[in-house]
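Below: one structure, written as structure tokens.
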Amino acid sequence: MSKNDESVFQRLLNHCARLSDDIVVDYNDSLHSGTPEAVASYRETFIQEIVGRFFPRTYRVAKGAIYDSFGGRSNSIDCVVCAPNHPLLLDTLGRITTLLVEGVHCAIEIKPDVTDRPEDFGRSRRTRPELIRGLDQVRTVKRLMRRETGLLSLGGIPVQGSAELHDYARRIPTYLFSVKSTNIDRSCEYVNDYYFENRVPVAMAFKVIRPGSHIRPR
């Protein structure tokens, strides 16, 4: 790596570090924004705006349920990035009203605090932990299927790979975003335990993201 490459890489790292700090500050500010519903809306809007900065203007960031052409429907997802091929099914405020799996670039569920990780995955509680509710939300997205494996083939050129790999490519890349967490490795181990407990297929895996941490694929 040349000195110039190192300089550019360091600038990107610095930018992401500042952005991570801003997210944490905004998270703390949102606690004073009113009712629980207002707090959640404030956070979601902020994260949507942050995510939108990293994509070209032809991409749109929305919120809502995602539909596939096999009759599947996800729960409402906090942050959905729509690719340029997504049709502009807009309401009077310019928001996308119907999200279609073929045009979704990725989906992000926001759960600000995932520090609570009970051994029974919250089965003994009336209110399930944030992390478990987030994992349940993500699973509704990962059940959806694209008709085309756009992630593996470009221009109609088939790509060799296992059936499992092609199955994975037909699903939406999905992330769980949190601000507060404990050790990221332990969080990932907990997610793996949840997968095992609920017999979640490998193709329905996703990524865990936390500001200030590395991104670990799950």
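The values are calculated or read from the model by the stated rules, or taken from the named source; none is laboratory data. In this text the structure is predicted, and so the values were computed from the model without any measurement. Glycine gets a Cβ as well: all are built from the backbone with ideal geometry, and neighbour counts include every protein chain shown.
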Residue match in segment 142-149 (condition: surrounded by 20 or more Cβ atoms within 10 Å (Cβ to Cβ), touching a residue at least 60 places away in the same chain (Cβ under 8 Å) and hydrophobic (A, V, I, L, M, F, W, C)): yes
Suppose we keep only residues that are among the hydroxyl-bearing types (S, T, Y) and over 30 Å from G103 (Cα atoms) within segment 1-26. Which one would you say is modelled with the highest pLDDT? S7
So, in segment 132-148, exactly how many residues are touching a helix residue (DSSP H, G or I) at 6+ places or on another chain (Cβ under 8 Å), part of a helix (DSSP H, G or I) and among the hydrophobic types (A, V, I, L, M, F, W, C)? 2
S33, sole failed condition from (1) among the polar types (S, T, N, Q); (2) surrounded by 12 or more Cβ atoms within 10 Å (Cβ to Cβ); (3) at pLDDT 90 or above: (3)
Among the residues of segment 138-155, are any polar (S, T, N, Q) and at pLDDT 80 or above? yes
Limited to segment 36-64, what total is found for residues that are part of a helix (DSSP H, G or I) and surrounded by 11 or more Cβ atoms within 10 Å (Cβ to Cβ)? 15
Return the pair list, or none, for Cβ contacts closer than 7 Å from residues in segment 176-205 that are closer than 16 Å to T115 by Cβ and part of a helix (DSSP H, G or I) to residues that are at pLDDT 85 or above and β-branched (V, I, T), at least 6 apart or on different chains. S187/V114
When segment 96-129 is examined, which residues are found to be free of Cβ contacts under 8 Å to residues at least 40 places away in the same chain and over 15 Å from V80 (Cβ atoms)? D116, P118, E119, D120, G122, R123, S124, R125, R126, T127, R128, P129
For segment 67-84, what are the residues that are surrounded by 17 or more Cβ atoms within 10 Å (Cβ to Cβ), more than 20 Å from A40 (Cα to Cα) and not aromatic (F, W, Y)? D68, C82
Among the residues that make up segment 85-107, is at least one of them buried (at least 16 other Cβ atoms within 10 Å of the Cβ), among the aliphatic types (A, V, I, L, M) and under 25 Å from N183 (Cα atoms)? yes
